[in-house]
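The values are calculated or read from the model by the stated rules, or taken from the named source; none is laboratory data. None of these values were measured; they are calculated from a predicted model. Methodologically, a virtual Cβ is constructed for each residue, glycine included, from the backbone with ideal geometry; neighbour enumeration extends over all protein chains shown.
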Amino acid sequence: MKSTLRRQTLFCFAIAALLLASGCGKKKSAQPSAPAPAQPTSNRVEETPLGGGAPAPSNPSGDVVVAPPPAAPSTPANPSHVPGMDPMNSASGYNPVDPKQIERADVDKRYTGYSDEDGLRYTGSSTDYILTYLRLRNEDPNLDDVVKERNKAAAESILSARLAMDKASGEVVVTLKIQEGPYLKTYLMVGGLDEEGRVTELRASKQNPEGVAMGSQCIQGKLKCLDANQKTCETAFARLLIGDVPGERAAVAIVFRQSLADYRVSFTKTPEDSFEQNPEYEFIRAFWKNTNEDINTHHRLKNIYMNSFEIVNGRSGFDVQVLGRARQLLSFGGPLLAPEAGSAVSITADRTPQLIESTDLESLNSYNYEMADFISKATIVNNNGLGQVRLNVKLRKRGGYEPDSFKLTLMRIIKPTVEPNEENLRLD
C-alpha cells in the first residue's frame, strides 16, 4: 500500500486514465486482493470405510469514483458479523481438506455482502482475503453514496457468472446472466490473456446463440489472474463497467475460482445391511470404493473440478463436475448460501451437466451419464463459506427397493493467491 496521500492520489489518477482508455468510450476501475493461504496438504481422514481423497490430476465521465484502497487487515473484518476464528490463522486449526471442518461454527466465513429473501448470506468459496478486501474497498466512506448504490444495484442484478478459460491459447469467455426488469438476459464477454498470461481485456462477443435472449447493455471489463504461482490461473478477478450513459454507469467486481477438489463420501447402508441391495446403489458405491482402494479399473474417479463465482455485494454460486476414467459424469451446482451461524442449509442442487474444462472441446453427448441417471435429487446440506460443500444425493425409486442416499462432501484444494493490494490488483 502507498504510505502517503500523495501516492494514493497518483494511484487514483492512474486508474482514472485506465478507465478513460477503455471501450464503449467509458471508464473502468481496478481493485485489490488478498493474502494467500499456505498451500494445504490433503488430510485424507477416513470418515467411513468409503472415505477417501481425490486422486492426483492426470495432468493438472465521472461516474466511477476511485478512492484510496483500504489496508488489508491482518485479521480481516466481517462487516455486521461477530468475528470468529480466522481460518488463515494456524491457531484456528482449520484444514481446507478435512471434512470435519464443514460443520464448525467457530470459524469465520467469507461473505459477498448480499443475502437472499430467507436471510441466508451469500458466501465465498476459499479461505483467502480477496473477497473481504474487495468488500471493504466498495464500502469505503470516501466513495459517493449514489455511486455505491448504483454499483450495488448492478451487482445484485447479476444472477450468475461463469468463467471458461483455454489454458493453451489464453482465450477467456465470461458468461453473465443479468436480470433486466422482467427479463433474463445473457452476455458473453471474450478476451485473451496477455503474453504473461495474467491480464485480459473483456469485450462483448458478437456471437448470438440460437434461442438465447442476449442483452444489449454496454459492458466492458478486464480480468486478472491472482494465483501466487504466475503460471496458473485458478483464482481470477474481473472488474466490469456496465452502461454507456455518463453519470449512470456502474462498476462490478467478481472473483472466479477454478480448481480441483478433494472429497469424502458416506453411505447410509453397508453391504451387510440386507441380502439384496439396490444394484444401482451398489454400482455407485463400487465407483467410490474402487477409487479409495486404488483399483485399476475404468469404474473409478479421475478428477473432481470445482468452479465458483463471487460477486462483491451480489450473489455467489458453484458447480462441481465428478469425472470418471470412463468419462462418467456427475454434475452438481447451486448458490453458495449459508446462515450466519453454522453451515446447515437445505437447497436443491442443480444437476445440469457442464463442460469439464475449457480445453475439453468435445460435446457433452460424449460423456457417460449412467450414474447420473440413477440419481433422482441432490440437496446442498452444508456450506462453510470457505470452499467446503456437502450434498445429500438421493437415488431414484426402484421397484422392490427403498430409495437410498449417500452424502458427498466436496472440498476445494486451495492454492496460494497474491497479497491483496493496489499493485497486485491493478488491471494494466
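At least 1 residues being surrounded by fewer than 20 Cβ atoms within 10 Å (Cβ to Cβ) and within 19 Å of the chain's Cα centre (by Cα) is the threshold, and among the strands (runs of 3 or more DSSP E) wholly inside region 315-428 those reaching it are 344-348, 375-383.
So for region 239-252 (the condition being in contact with a Cys (Cβ under 8 Å, 6 or more places away or on another chain), in a strand (DSSP E or B) and either at pLDDT below 95 or closer than 22 Å to residue 152 by Cα (or both)), does at least one residue qualify? Taking every residue of region 239-252 in turn, at least one turns out to be in contact with a Cys (Cβ under 8 Å, 6 or more places away or on another chain), in a strand (DSSP E or B) and either at pLDDT below 95 or closer than 22 Å to residue 152 by Cα (or both).
Scanning for something modelled with pLDDT of 95 or more and part of a loop (DSSP other than H, G, I, E, B), does region 182-203 turn up at least one residue? Scanning region 182-203, I find at least one residue that is modelled with pLDDT of 95 or more and part of a loop (DSSP other than H, G, I, E, B), so the answer is yes. Scanning region 209-242 for residues that are among the small types (Gly, Ala, Ser) and surrounded by 15 or more Cβ atoms within 10 Å (Cβ to Cβ), we see that the one that is nearest to residue 187 (Cα to Cα) is 215. Flag: residue 280 does not match the condition of being within 25 Å of the chain's Cα centre (by Cα), of a type outside the set (Val, Ile, Thr) and not in a loop (DSSP other than H, G, I, E, B). Look at region 411-428: where a residue is closer than 10 Å to residue 234 by Cα and of a type in the set (A, V, I, L, M, F, W, C) and a partner is at pLDDT below 95 and assigned to a loop (DSSP other than H, G, I, E, B), sitting 6+ places away or on another chain with Cβ atoms under 9 Å, you get 414/36; 414/37; 414/39; 414/40.
Across region 148-167, the qualifying residues are those that are crowded, with 19+ Cβ neighbours inside 10 Å and more than 20 Å from the chain's Cα centre (by Cα), and the one among them that is farthest from residue 238 (Cα to Cα) is 150. Applying the criterion of being under 23 Å from residue 306 (Cα atoms) and hydroxyl-bearing (Ser, Thr, Tyr) to the residues of region 168-196, the residue that is surrounded by the most Cβ atoms within 10 Å (Cβ to Cβ) is 187.
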